[in-house]
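Values quoted throughout were computed directly from the atomic coordinates according to the rules given, and no laboratory measurement underlies them. Predicted model, so just to flag it, every value in this text is computed and none were measured.
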Amino acid sequence: MSSRDTFSSDFQDFRIPDALRGASTVKRESRVDYIWDTHGNYEGFLFNMRKLWLIDSAWNWIGKHRRLILIGDIYADRHFGSIQTAQHIEKLMAQWAQIDQLAGNHEDVMLSLFDHVHHPHESVINYFTQVFLTWKPRDIEEYSGLQEFASFKKNASKTQSWQSLLIQLKPETILQRMRALKKWQKVLTNICRLQVGKVLNDTLFVHTDPVDGMIDILEQYDWDIEKINAIFRAFLVQTLREGKHNKDLIEEAFKIRAYFLNADNRRTNDEDTPLLSHGAAGKLKTKLNIRRIIHGHTDHVHEQTIFRGGLEITSADNSSFKRWNKDPWNTCISAGSILQNGHRIGPKE
């Protein structure tokens, strides 16, 4: 192991492959840690933070100047701890933790709850009201984390299911109550910090598998991913916190979501076929000055890392927080790091 700030028995050092010549010479201000696809599992989030030695036994920040990237699907519909997770992240940031949160396709599910007026066919509410009653119990259970929103229904009958409560709720009603209460204001503040991508040193972090279509958005914004993040965050602030509806901004944000948060951006499990062509990968490498892409979203059934156009593309998702594993104190490691010497560490295979 190359670091003492980790439970070394749980991680392995993948070092720097020959294809990434020069990665060791990159000036790195600090180690970059990342956690992926916790899906609202608060206990699993804490478990992985401890494994990386970023929090102590009282759950306070001890990571000093290290940088943490949460690679999407942090919240939403698989588990019941999204609100606790958001509140705890706010607490850690108040303790000077450097945390970047990326939105994933499951955050997009959550967002569609609130912008259904503008894109009704993409709405969770529309989806539920159209097909919910035809689902089998196992299918409904897959989205059981959304019942956190059902708690906003006033004077609810104790006999009502959370599904029926959710269908009755108007998204603006939920937002009005969240804006009015201090506890929920912190949750909204946290959600409004979401980004769609992050370039740190020689690595691009995104949630979904990189696809050729991302090139179009990057070119539109002069290959500046922070410009894209600014548009996305402006959409979040206006829609969620301020209750404003700028049609042009909504449409712009929707295009970004379609390219970066699309659930269909996924390698196929049977072939592990990448969706990024060699040409597009080479362009990303040159324009963003990167050597690596690390993403979540696709569980790496056959091959965790592939090489395209001179890029090392690593899927960090090992499915440890999907619906088939409901143990809140999940013992699967869903975390990794890029050390200051450029080595990447991840869960032992």
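For segment 187-296, the number of Lys pairs with C-alpha atoms closer than 25 Å, counting only pairs eight or more positions apart or on separate chains, is 16.
When only alpha carbons are used to place a centre, segment 1-70 and segment 183-261 end up 24 Å from one another.
Between the amide H of Gln98 and those of Leu68, distances stay under 5 Å, these residues lying 5 or more places away or on another chain, with hydrogens modeled in the peptide plane. Let me know the shape class of segment 1-107, please: from the alpha-carbon gyration tensor, a ≥ b ≥ c as square roots of the eigenvalues, rounded when a/c is under 1.5, otherwise prolate if a/b is greater than b/c, or oblate. Prolate shape, in that a/c is at least 1.5 and a/b is the bigger ratio.
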